[in-house]
Amino acid sequence: MIEFRGVTKQYPDGTVAVGGVDLVVPPRTTTVLVGTSGSGKTTLLRMINRMVDPTDGAVLIDGTDVATVDPVRLRRSIGYVMQNSGLLPHRTVLDNVMTVPLLKGTRRQPARARAMELLETVGLDASLAQKYPAQLSGGQQQRVGVARGLAADPNILLMDEPFGAVDPLVRQELQQELRRLQRELGKTVVFVTHDIDEAFLLGDQVVLLRTGGKVVQSGEPAEFLASPADDFVSGFVGADRGRRRLRLEEVDGRRVVVDEDGRPAGVLEP
Amino acid sequence: MNWLVQNLGLVGELLLVHLALSVPAIILSFVIAIPIGYLAHRQRWARGVLLTLCGVLYAIPSLALFIALPAITGFGIRSPLNLVVALTLYGIAVMVRTAADAFDAVSPDTRLAATAMGYSAVGRFWAVELPLAGPVLLAGLRVVIVSTVSLVTVGAVIGVQSLGSLFTDGFQRGIVAEIVTGIVATMVLALALDALSVLAGRLLLPWSRRAAPSRRSSAQAVPIEAGEPA
């Protein structure tokens with residue numbers, strides 16, 4: 001379990017990136033931090049592995065304040081996946097995936113075997129193992145990034161807009177893949193995105209942040225539509241636009257769900 | 001040609017002496033410039049000061065430096081060590097700016113990823129930043145190699161033997177073939193060392209040649225920004 005207690009990050013110039021956040025991330029679930037740029041979601045994420053230290057408040061992992069843990073050791077125990085994959089361009093795919101286990105002192109042979117296994121888990125062909133990142137497509141690079149994040153078998157996986165830079169088709173594929181992985185592995189995933197659809201798709205818990213790093217609403221995805229906290233929330237999730245206002249229409253004896261403009265969204269099962 | 005054939009022994013000997021003067025200076029300046037360049041890269045305030053100092057250092061006329069240096073180092077004016085120190089200073093002056101640029105060229109994303117994975121600052125330098133700065137460092141090293149090999153010849157004027165002695169001697173005695181031999185041998189030596197450094201780069205930086213993305217598996221359309229990490 002990850003717990004944020006009154007966490008604030010204020011920069012020397014006075015900018016408040018995160019303003020007093022209280023939040024609990026339950027274990028083995030996916031929590032998605034969503035918000036526009038400048039809402040402090042990435043800062044909040046980076047406080048978990050001490051890439052950023054809060055100026056006030058504390059972040060606890062299983063009851064231990066991370067401020068008391070050596071940052072290098074802490075980071076090696078937490079998976080991290082970022083936008084544009086962040087792969088080391090001078091290392092092969094295999095070596096990239098092996099990085100953290102080797103840093104933690106795993107011997108080469110077992111680290112290698114584990115890395116090959118992980119490439120398969122994330123749906124990459126073994127023939128890519130000896131390639132350099134630049135020789136891979138954007139989607140493949142992100143898969144390697146996920147494999148690398150999982151390599152040391154961390155309990156916690158931090159994902160900072162991991163699918164933000166791939167095209168929509170590949171993104172959908174990667175999102176489905178992540179859902180499958182999460183069902184199999186049951187990690188505690190904290191996922192940052194600015195895409196509310198992605199948040200609803202992946203999150204067991206969704207946390208909506210606004211400029212100044214304040215939590216506007218948090219809860220299960222459906223709650224955002226059923227009872228948006230305020231106009232900002234309705235606006236952000238699109239409840240005030242036609243896309244999420246669905247109604248039923250009878251077509252050929254079946255009940256079809258359409259949006260405000262009458263565009264079909266699906267069929268209602270009896 | 002006749003002159004060269006008759007003096008092959010002398011040319012060979014001077015070539016070795018020339019090598020013994022330039023190689024230590026090249027290696028020393030490369031090794032010393034890297035931490036200074038890294039400091040200039042990390043610290044904004046240090047950057048201006050260091051790069052300016054290097055610029056000024058390079059502006060000192062070489063002959064003046066050769067003559068003034070013994071007062072500081074205590075080596076004799078004709079000592080090869082004196083020359084090596086002077087050449088190292090020039091090498092550093094050239095190399096520091098390139099080293100700073102080389103570290104600047106490492107993608108911030110990659111540095112961030114390395115930190116997030118749990119590299120310590122020292123570990124990240126050796127395992128990530130230094131190798132990724134490699135291609136630009138190599139470009140700087142090549143300039144240092146050529147400029148050092150050519151600068152060694154100036155030492156002949158103050159009496160430190162090298163291939164430059166062939167110009168001074170040939171000039172005094174009016175032997176054109178000797179002067180030409182000196183020039184050609186110096187250039188050949190510079191090119192040979194340059195080729196060697198390029199070869200070393202190929203062995204040490206195999207990834208830099210394969211950086212061009214191949215899109216054989218382009219069944220999916222991949223936007224440029226996703227496919228090309230800086």
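Bear in mind that the values in this text are calculations on the coordinates, not laboratory data. Being a predicted model, the structure only gives us computed values, none of them experimental. Please note: Cβ atoms are built from the backbone with ideal geometry, for glycine as well, and neighbour counts cover all protein chains shown.
Assorted remarks:
- Selection of trypsin sites (Lys or Arg not before Pro), segment A:55-157, meeting DSSP coil and at most 12 other Cβ within 10 Å: A:107
- With contacts taken as Cα pairs under 8 Å at a separation of at least 6 residues, segment B:41-117 carries a relative contact order of 36 percent.
- For segment B:65-117: span of alpha carbons on each principal axis (Å, largest first): 53, 18, 15
- Helix A:93-103 vs. chain A, principal-axis angle (Cα, 0 to 90°, nearest 10): 70
- Secondary structure note: in chain A, about 60% of the DSSP beta bridges are antiparallel.
- The phi-based Karplus calculation (6.51 cos²θ - 1.76 cosθ + 1.60; θ = phi - 60°) puts the 3J(HN,Hα) values of segment A:43-51 at 4, 4, 4, 6, 6, 5, 9, 6, 6 Hz, whole numbers, x for Gly and Pro.
- Distance cut-off 31 Å, percentage of C-alpha pairs in chain A lying past it: 32
- Taking 25 °C and 0.890 mPa s as conditions, segment B:169-211 diffuses translationally at an estimated 195 µm²/s according to Stokes-Einstein applied to its Kirkwood radius (Cα pairs).
- Computed P(r) (all Cα pairs; segment A:33-87; 10 Å bins; percent): 21, 51, 26, 2
- Listed values for segment A:227-236 are Karplus-derived 3J(HN,Hα) couplings in whole Hz (6.51 cos²θ - 1.76 cosθ + 1.60, θ = phi - 60°), namely 9, x, 5, 7, 5, 4, 5, 4, x, 5, and x replaces Gly and Pro.
- Helix-only [θ]222 nm of chain A, DSSP H runs n ≥ 4, -39500 (n - 2.57) each, per residue, nearest 500: -10000 deg cm²/dmol
- Scaled radius of gyration (Cα, divided by 2.2 N^0.38 Å) that segment A:89-240 gives: 1.19
- Percent RCO, i.e. relative contact order, over segment A:2-243, from Cα pairs under 8 Å lying at least 6 residues apart: 28
- Contact order, relative form, for chain B: 23 percent (alpha carbon pairs under 8 Å, 6 or more residues apart, mean separation divided by residue count).
- Per residue, the convex hull spanned by the Cα atoms of the protein assembly as shown amounts to 211 cubic angstrom.
- The residues packed around residue A:210, meaning those with a beta-carbon under 13 Å from its beta-carbon, carry a net charge of 0 if Lys and Arg are +1 and Asp and Glu are -1.
- 0 to 90° range, to nearest 10: angle between helix A:138-150 axis and chain A longest Cα axis: 60
- Angle in degrees between helix B:80-104 and the longest Cα principal axis of chain B, rounded to the nearest 10: 20
- Couplings 3J(HN,Hα) for segment B:37-47, derived from phi with the Karplus relation 6.51 cos²θ - 1.76 cosθ + 1.60 (θ = phi - 60°), are x, 5, 4, 4, 6, 7, 10, 4, 5, 6, 4 Hz, where x marks Gly and Pro.
- Among beta bridges that DSSP assigns inside the protein assembly as shown, antiparallel share in %, nearest 5: 60
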